[in-house]
Every structure is written in structure tokens, then in C-alpha cells.
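Each remark here refers to the structure printed beneath this line.
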Amino acid sequence: MFRRMSLMTALAAVVAVAVTAVALGASGGSSATLTATAGTKYVINKYAQDLSRFSPGAVTIKSGGTLTVKAKGPAPHSFSVVKASQLPKTTKQIEQCKVCQTLATAHGADPHSDAPPTKPVVDVGATGIDQAGDSVFLAPSSTTKLKITAKKGTTLYFMCAIHPWMQGKLQVK
């Protein structure tokens with residue numbers, strides 16, 4: 001009986017350590033991965049649906065950490081930090097996205113061409129991702145590593161300037 005109690009206590013301690021380790025990892029390590037996916041779904045004579053999205057939609061990372069952004073599929077994307085108030089919320093705002101136009105201009109994108117932008121990285125503040133206006137063009141099927149230099153406690157809102165319904169939040173711990 002004593003041996004079984006000792007075994008149960010030891011097992012409980014191992015589980016507690018494992019849960020703590022998982023919780024600490026989920027609370028924002030020095031690295032995280034964000035995936036930008038593309039896709040469409042069609043139902044003839046009913047609808048066409050764009051399935052482009054960031055996954056996960058919320059990321060937590062330590063200041064000074066590295067965010068790996070993977071662009072999956074044949075579509076280009078951007079990882080663009082914007083103010084929360086600039087995130088489009090309606091169909092009209094998505095179709096007439098003002099911050100998207102501002103970001104495209106900053107990237108040197110030609111609206112009449114499929115050529116990649118002439119300035120793939122827009123860094124408006126200190127080096128790294130730290131404030132609204134920072135933006136990185138993501139070529140199709142590519143992986144980019146971004147240094148998160150925003151101060152601890154900062155919340156950064158991001159979106160894809162090409163697909164403005166792709167939005168998320170980055171908590172800096």
C-alpha cells in the first residue's frame with residue numbers, strides 16, 4: 001500500500017512538472033511560429049470562399065524572440081503590424097482597405113503588376129518588429145524569421161495587406 005502511494009505521489013509530481021512546463025511554453029517562449037495559408041472553396045452557383053488565414057490567430061512571444069512566419073501555398077502574403085483601429089472589420093472596409101494601400105506604397109508594390117514589391121521589408125521604428133507600420137512581404141511557399149523587438153507588455157495587431165481579412169494579435173511578454 002505504501003509503495004503504491006509513493007508511486008502515485010511520484011506520478012503526480014511528474015504530471016505537475018509536465019503541466020507547468022507546457023503552461024510556461026504556452027505563455028510565450030523566445031520563439032513561435034505563425035502560418036499564413038491560402039486556399040479557396042467553390043460551390044457552383046452558390047459561393048466562392050477564400051480560406052486564407054493566419055494560424056494561430058493569437059501568438060505570445062518574449063521580447064527579443066524570433067517569430068517564424070511560414071507562407072504556405074501559391075499566394076503571396078504580408079505580415080504587417082497595424083493599429084487595432086486600422087483593422088478592417090466590414091466587407092466595405094476590406095474592399096477599400098486604406099492601411100493596405102499605405103503598406104503597399106511603403107513596400108513599393110505596383111498595383112498593375114504581379115511583380116514582387118521593390119522593398120520587401122518596411123521597418124518604421126527600431127530594427128525588428130516593434131510598432132505599427134512594420135511590414136514584411138512573404139513570397140509564396142516561403143519561410144521568414146522576424147526578430148520581435150517590441151517592449152514587454154506590448155500588444156501588436158497584424159494583418160495581411162494583400163488579404164485584409166487575415167488578422168491576428170501578438171502579445172509580447
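Every read-out reported here was derived from the displayed coordinates using simple, explicitly stated rules and does not represent laboratory data. Since the model is a prediction, treat every value here as computed from it, not as a measurement. Heads up, the Cβs are rebuilt from the backbone with ideal geometry, glycines too, and the neighbour counts pull from every protein chain shown.
Can you give the FRET efficiency to the nearest 0.05 for Lys89 and Ala48, using r as the Cβ-Cβ distance and R₀ = 22 Å? Intermediate results must be reported in sequence, preceding the final value.
Working: r = 21 Å, r/R0 = 0.97.
It comes out at approximately 0.55.
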How about Lys92: which lysines have a C-alpha closer than 29 Å to its C-alpha, ignoring those fewer than 8 places off in the same chain? Lys41, Lys46, Lys70, Lys72, Lys83, Lys119, Lys169
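Tell me the net charge near His107. Cut-off is 13 Å between Cβ atoms, His107 excluded, with +1 for each Lys or Arg and -1 for each Asp or Glu. Write out the running numbers ahead of the final one.
Working: positive: Lys119; negative: Asp110, Asp123, Asp134.
Charge balance near His107 sits at -2.
Compute the Rg to Rh ratio over region 28-172 from the alpha carbon atoms, using the Kirkwood formula for Rh, and round to two decimal places. Kindly include the intermediate steps, with their values, before the conclusion.
Numbers: Rg = 14.9 Å, Rh = 15.4 Å.
Answer for region 28-172: 0.96.
Ranked from highest to lowest mean number of other Cβ atoms within 10 Å per residue, what is the order of the peptides 87-98, 160-171, 136-147? List each step's numbers first, then the result.
On the way: 87-98: 13.3, 160-171: 20.8, 136-147: 16.5.
So the order, starting with the most tightly packed, is 160-171, 136-147, 87-98.
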The summed charge of the Gly153 Cβ neighbourhood (under 13 Å; Lys/Arg +1, Asp/Glu -1) stands at +3
What size of dipole, in debye to the nearest 20, comes out for region 42-173 about its Cα centre when the only charges are +1 on Lys and Arg C-beta atoms and -1 on Asp and Glu C-beta atoms? 580 debye
